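Heads up: the structure comes next, in structure tokens.
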Amino acid sequence: MTEMSRRDFIQTAGSALLTMTRSLDEDEGRREKPTSNREDLCFTPATVLAAAIRQKKVSPVEVINAVYVRLHKINPKINAFATLTEEQARLTAREAEAAVMRGDRLGALHGVPVSIKDVFLTRGVRTMFGSRIRENYVPKEDAPAVAKLLAAGAILIGKTTTPEFAFKPVTDSPLTGITGNPWDLKKTPGGSSGGACAAVAAGLGPIALGSDAGGSIRAPSSFTGIFGLKPSFGRVAYYPSPPVPLVHAGPMARTVRDAALMLNVIAGPDERDLVSLPADATDYLTACERGIRGLRVAWSSALGYAKVDPQVTAVTEAAANVFESGLGCKVEAADPGFENPWESLSILMVMNFALRFRGFLPEWESRMDPDLVKLIKNVERLGPTDFGEALAKRFVLWDTTRQFFDRFDLLLTPTLPITAFEAGRPSPDGMPVPAGSLIPFADWSPFTYPWNITGQPAASVPCGFTRQGLPVGLQIVGRRYADATVLRAAAAFEEARPWNEKKPPL
């Protein structure tokens, strides 16, 4: 490439991105504001970046440069990244730019920055799982979703922080320290995909890959004011697979359509995952254009058992009303009718972690998160039939839920009953761990984990702020395998109540 052709292509982020006009999104009937500087480039949606790169209106090199300039400025404040891949990312960006100039066939995410939660295998890039046990582990293969993202042209900018082996719903670990919330650095972003959500919220890449075993995508999305989707169980292949089937891989982004585009890329089977779903022809991005008029929607403020902060109730109830007043749905207050499945989840989680990590205790216990050690050791409190009973209750929960969704297309709830609390704590102040609990933190995420047990798709969409300026999320739960419907609903709500222009005060 000659110096002149390179200069003509990349220009500067300011002049190149000022050429972005409504034409980038005429097909979708939306207007995207043109961006004019590096910070704006960092907050540009992945769908817009991918289109601009494809049309030679911005270079992948400019995008990666802008992200790393901001990352080096912001990450020391929030501690969202455990490992950076800067040298490789810059090299990949130059290769991506050359591919555009040659007229090569480009993937759906060509040149778009992505971060990966540090529990997913990344070939040649250390994968620490937030644990000293794996501090120097460098995998020889990519996890299924990682491989698909890279094959689609996404550029890995780094691995995001997680609690040790993603065992708790906040993000701190003995290895990587405490991650802060971009909206209030003294508060937690939640977890266990807290680093991923903090990065996206702070403009450190438009999309991120996370995992969710009890709310670990949706809870931090709610705390940090971004969109997060837990797809149907098996929709995105997961490997290595935990022994108890609860974990989902899914997208996190600042816009619904970015997440839909990402799901288009990562959905589908992988032979390494025995329970991954077969591929189908669903285009999740196109589904976002369909609207949801006429859908039957249930609204539950407490699922019949949760205690919810009044501010959260007010904000989420107002959001639920939009589905009827603005989006043409038929909304009815209704609870599914099941009891809190926390006890069943607790047994499944203890078995999950004990089966994988009990063998590490003799050598590593003193260097592990003390609460993870407690969780693993609590397997000794379980009797021979407890695990079987927990599995039986899982099927009872599904049967009750199945009948409920015979009546409704969607269920709306608060994502969480609270907003972000003090960082460095596993539970909010004043919410103690119940005596005899198998899990060493309080039950403060009662709306999220039922859908890990049933495997249904569920998303958290930003729906407002408290008087203290903290984000609140609305959870949208769909029927089994109805991922496209959840994304349709989230996209329609985003159109009615846009949030992408809101940025944390960093």
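All of the numbers you see were taken from the coordinates with simple rules; none came from a lab. Keep in mind it's a predicted model, so treat the numbers as computed, not measured. Neighbour counts are summed over all protein chains in view; Cβ atoms, including those assigned to glycine, are modelled from backbone coordinates with ideal geometry.
Screening the chain for DSSP H helices whose Cα atoms reach 27 Å or more along their own axis and whose mean Kyte hydropathy is at least -1.0 gives 386-405. The Rg/Rh ratio of region 150-283, with both radii computed over alpha carbons and Rh defined as the Kirkwood radius, is 0.96. Find how many whole Å separate the alpha carbon centroid of region 160-219 from the alpha carbon centroid of region 345-422. Spelled out, the Cα-based centre of one part sits 19 Å from the other. Each peptide in 153-166, 91-104 was scored by the mean count of other Cβ atoms within 10 Å over its residues; highest first, the order is 153-166, 91-104. Our Cα-only numbers for region 386-445 put the radius of gyration and Dmax at 16.0, 42 Å. Length gained on full extension, Arg467 to Lys377, computed as 0.36 nm times the residue gap minus the Cα-Cα distance: 28.3 nm. Using the Cβ-Cβ distance between Phe395 and Thr313 with R0 set to 30 Å, the FRET efficiency from 1/(1 + (r/R0)^6) comes to roughly 0.45.
The listed peptides 262-275, 59-72, 191-204, 354-367, ordered by packing as a protection proxy, come out as 191-204, 59-72, 262-275, 354-367 (highest mean of other Cβ atoms within 10 Å first). Per-residue Cβ neighbour counts within 10 Å put Ser131, Ser427, Ser211, Ser460 in the sequence Ser427, Ser211, Ser131, Ser460, beginning with the fewest.
Helical runs assigned H by DSSP (4 residues or longer) give the chain a calculated mean residue ellipticity at 222 nm of -11000 deg cm²/dmol, each run adding -39500 (n - 2.57) before division by the residue total.
The Arg296 and Ser241 beta-carbon pair, evaluated with R₀ = 30 Å, returns a calculated FRET efficiency of approximately 0.30. One chain, two ends: Arg105 and Arg358. Fully extended at 0.36 nm per residue, the span grows by 86.3 nm beyond their Cα-Cα distance. Here region 134-188 is described by how far its Cα atoms reach on the three principal axes: 38, 26, 17 Å, from widest to narrowest.
Kirkwood radius, the chain, all distinct C-alpha pairs, inverse of mean reciprocal distance: 22.7 Å. Applying 0.36 nm per residue to the separation of Leu274 and Ala98 and subtracting their alpha-carbon distance, the gain on full extension is 59.5 nm. Summarising the label geometry, the points placed 7 Å from Cα in the beta-carbon direction at Gln88 and Glu141 lie 1.7 nm from one another.
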